[in-house]
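Read the structure below first, then the notes.
The values are calculated or read from the model by the stated rules, or taken from the named source; none is laboratory data. Keep in mind that this is a model prediction, so the values were computed, not measured. All Cβ positions, even for glycine, are placed from backbone atoms using ideal geometry, and neighbour counts span all protein chains on display.
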Amino acid sequence: MTGSDGGNGGAPTTARYVVVGAGSAGCVLAARLSAACDEPVVLIEAGGSDSRAGIAIPAAFPTLFRSEVDWAYRTVPQPGLGGRALDWPRGRTLGGSSSLNAQIWTRGHRADYDGWAKQGCDGWSADEVLPYFERAEDREPGRAGGARDRANAAAGTEAGYGTGGPVRIEDLRDPSPATAEFLAACAQAGIGPLDGVTALEPEGAGPVHTTQRGGRRWSAADAYLRPARGRGNLVVITGAQVERVLIDNGRAVGVAYSTAAGPGRIHVDGEVVLAAGSIGTPHLLMLSGIGPAGELAEHGIQVHADRPEVGRNLTDHLYVPLAFDVYGTVSPGVEDQATEIGEFMSGRRGRLTSNIAEAVAFLRSSGHLTAPDLELVWMVLPFLDQRQAERRHGVTLGTVLLRPRSHGSVRLDPADPAGPPLIDPRYLSDPAGEDLRVLAAGVRQAQRVLSRPALADRLGDPLTPGAFDLSDQGVEALTRGYAETLFHPVGTCRMGPDQDSVLDPRLRLRGVEGLRVVDASVMPSIPRGHTHAPTVMLAERAADLILTDAAGAVAHR
């Protein structure tokens, strides 16, 4: 694998494929495409190396926010959240957000993917995507999630996690003692153990499965990019900001980019594949003349394809944190840091191997539902906002709205179209108020868990004002005053069978040939869970689609 941090002297001028963005999807594509062809495959990343020490240390991810490896986006003020603007960290380094996230591997729910298929996205049903999850996964046999999963796997009645794939999935080595107490409190509150994970039907409470290998983070760059570095046809360019897709007569023919050493261009004889994420991809499309024609014209951008939905349908998981002081030592990085670093460096043990978010529970807000619409996330740091955890021992129980009805947008900033875009998730804006109602139901479930006897000797005073206020007004104030993003934006370049969709179900951009999008922006609706695993799955399947279409084109020449 070659690279040119801040330079372009070694970059090719032509390639078979150019992949923009070295995140959860881009690393998969670069590895799979370069393995399947002899021609150059170029991966372009705006950020630099992922060698920063905090990336490898699982518990250190909050220290990465607002650093040089974070795009450090920020939303516009949100009326539904009392006018607050939220920080939106996104990875700006090899591995993308998989180098900054909490390392949780959840596939989502069967209803998510069957829902995509029912919307006309052929090939994306639960049974059709399951093999791509399994292709990606490397899970020690017999360690799937939940008693029912283990029993079914042993009996051969249910597909388990994949083995031998690039993505290593492990249990936490040294979870906090408070996490076992939380799971006991869930049981006391009537929440069963987490089952159905490998059947794409997760429900109940259990410890997380993490993208770690031997106690350290295992990002998409670790899993896919580094094993491919010896291929002579794979070129990785870092420190390179792609400015636009080059389009000639309705076809994408390459990309223009800039580095510290100057501008560069790469032409393709295959495809340009955008994998810059739910913010970066629509932003780049609009700068390239693909988007709402009227808005682009206002910015003086030549229109190549009028696609009004580029940047629309933005959907994100909103969560409400309930933070508490605790009795005892539970949080990493709070005291005796030298000892903790020594334990991590010498044997990948100790509190720094924690991913912070050590357990989850998938719940339904109503017995009439067929799938969970809420998640509880148990964290062993007291998060009062997303920018930093307090330097004190504490815990946070977050209530996550899994199926939001509110949708927003990513738009060009009129003051600086090439600068950071305007991000407006429009949280809690659905006209019927269902998002607030479901979140309030989830907050009350969280309050019920926190009040169980198993946590009585652990929890101290609330750090989040009104954490135990059960009144309608109190829960609403808590939600509007403290809700935050869970870092899962999707949908801004949705795929679909209709002509209004940005992409067709094979992820090809409507109106421009030779251009695909492969990242979380393509999702027509948000999965019930964390988005890293679904994005890796998308990229695994997309690589097959790209190669199949290329073989078909050759056969018809």
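Among the residues of the range 229-271, those that are under 22 Å from ALA551 (Cα atoms) and under 26 Å from the mean Cα position of the chain (by Cα) comprise LEU234, GLU271.
Given VAL518, VAL512, which one is out of contact with any Phe, Trp or Tyr (no Cβ under 9 Å at 6 or more places or on another chain), assigned by TED's automatic domain parsing to the domain that holds VAL303 and either among the aromatic types (Phe, Trp, Tyr) or surrounded by fewer than 22 Cβ atoms within 10 Å (Cβ to Cβ) (or both)? The unique qualifying residue is VAL512.
Pick from the range 403-438 the residues that are in contact with an Asp or Glu (Cβ under 9 Å, 6 or more places away or on another chain) and among the hydrophobic types (A, V, I, L, M, F, W, C): which of them is surrounded by the fewest Cβ atoms within 10 Å (Cβ to Cβ)? Break it down into steps so the answer makes sense when it comes.
Step one: filter the range 403-438 for residues in contact with an Asp or Glu (Cβ under 9 Å, 6 or more places away or on another chain), giving 403-412, 414, 418-422, 425, 427-429, 436, 438.
With the extra rule that they be among the hydrophobic types (A, V, I, L, M, F, W, C), the set shrinks to 410, 412, 418, 422, 428, 436, 438.
Working: VAL410: 29, LEU412: 23, ALA418: 13, LEU422: 18, LEU428: 23, LEU436: 22, VAL438: 22.
The qualifying residue surrounded by the fewest Cβ atoms within 10 Å (Cβ to Cβ) is ALA418.
Does ALA371 satisfy the condition of being surrounded by fewer than 21 Cβ atoms within 10 Å (Cβ to Cβ), farther than 17 Å from ALA102 by Cα and at pLDDT 95 or above? I'd like the intermediate steps shown before the answer.
Working: surrounded by fewer than 21 Cβ atoms within 10 Å (Cβ to Cβ): yes; farther than 17 Å from ALA102 by Cα: yes; at pLDDT 95 or above: yes.
When the stated conditions are applied, ALA371 passes them.
For the range 1-119, which fully contained helices (runs of 4 or more DSSP H) count at least 1 residues that are among the hydroxyl-bearing types (Ser, Thr, Tyr)? Give the steps one after another, and end with the answer.
Numbers: elements: 26-36, 53-56, 110-118.
Result: 26-36, 110-118.
For the range 103-131: of the residues being in contact with a helix residue (DSSP H, G or I) (Cβ under 6 Å, 6 or more places away or on another chain) and among the aliphatic types (A, V, I, L, M), which is nearest to GLU68 (Cα to Cα)? This residue is VAL129.
Selection within the range 479-496: residues that are out of contact with any Pro (no Cβ under 7 Å at 6 or more places or on another chain) and either in a strand (DSSP E or B) or modelled with pLDDT under 95 (or both). The member of this set that is surrounded by the most Cβ atoms within 10 Å (Cβ to Cβ) is VAL490.
Is it the case, given these coordinates, that GLY239 is at pLDDT 95 or above, of a type in the set (Gly, Ala, Ser), in a loop (DSSP other than H, G, I, E, B) and crowded, with 20+ Cβ neighbours inside 10 Å? Answer is yes for this residue.
Against the conditions (1) more than 30 Å from SER288 (Cβ to Cβ); (2) under 27 Å from the mean Cα position of the chain (by Cα); (3) of a type in the set (S, T, N, Q), GLN188 satisfies every one except (2).
Only residues that are of a type in the set (D, E, K, R) and in a strand (DSSP E or B) were counted in the range 507-527, giving 3. Taking the numbered list (1) touching a residue at least 40 places away in the same chain (Cβ under 8 Å); (2) over 29 Å from TYR132 (Cβ atoms); (3) surrounded by fewer than 18 Cβ atoms within 10 Å (Cβ to Cβ) in turn, LEU287 passes all entries but (3). Can you find, within the range 245-269, the residue that is nearest to MET523 (Cα to Cα) among those that are buried (at least 20 other Cβ atoms within 10 Å of the Cβ) and of a type outside the set (Val, Ile, Thr)? Only one residue tops the list, namely ALA252.
Quick grid of which residues meet (1) assigned to a loop (DSSP other than H, G, I, E, B); (2) free of Cβ contacts under 8 Å to residues at least 24 places away in the same chain; (3) assigned by TED's automatic domain parsing to the domain that holds LEU384; (4) of a type in the set (Gly, Ala, Ser):
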| residue | (1), (2), (3), (4) |
| --- | --- |
| ALA432 | yes, no, yes, yes |
| ASP435 | no, no, yes, no |
| GLN445 | no, no, yes, no |
| PRO465 | yes, yes, yes, no |
| PHE468 | yes, yes, yes, no |
| GLN473 | no, yes, yes, no |
| ASP498 | yes, no, no, no |
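The number of residues in the range 177-226 that are in a helix (DSSP H, G or I), out of contact with any helix residue (DSSP H, G or I) (no Cβ under 7 Å at 6 or more places or on another chain) and of a type outside the set (A, V, I, L, M, F, W, C) comes to 4. Of all residues in the range 367-378, those satisfying the criterion of being more than 19 Å from THR485 (Cα to Cα) and touching a helix residue (DSSP H, G or I) at 6+ places or on another chain (Cβ under 8 Å) are THR370, ALA371.
With the condition kept exactly as written, say whether any residue in the range 533-555 is in contact with a strand residue (DSSP E or B) (Cβ under 8 Å, 6 or more places away or on another chain) and part of a loop (DSSP other than H, G, I, E, B). Taking every residue of the range 533-555 in turn, none turns out to be in contact with a strand residue (DSSP E or B) (Cβ under 8 Å, 6 or more places away or on another chain) and part of a loop (DSSP other than H, G, I, E, B).
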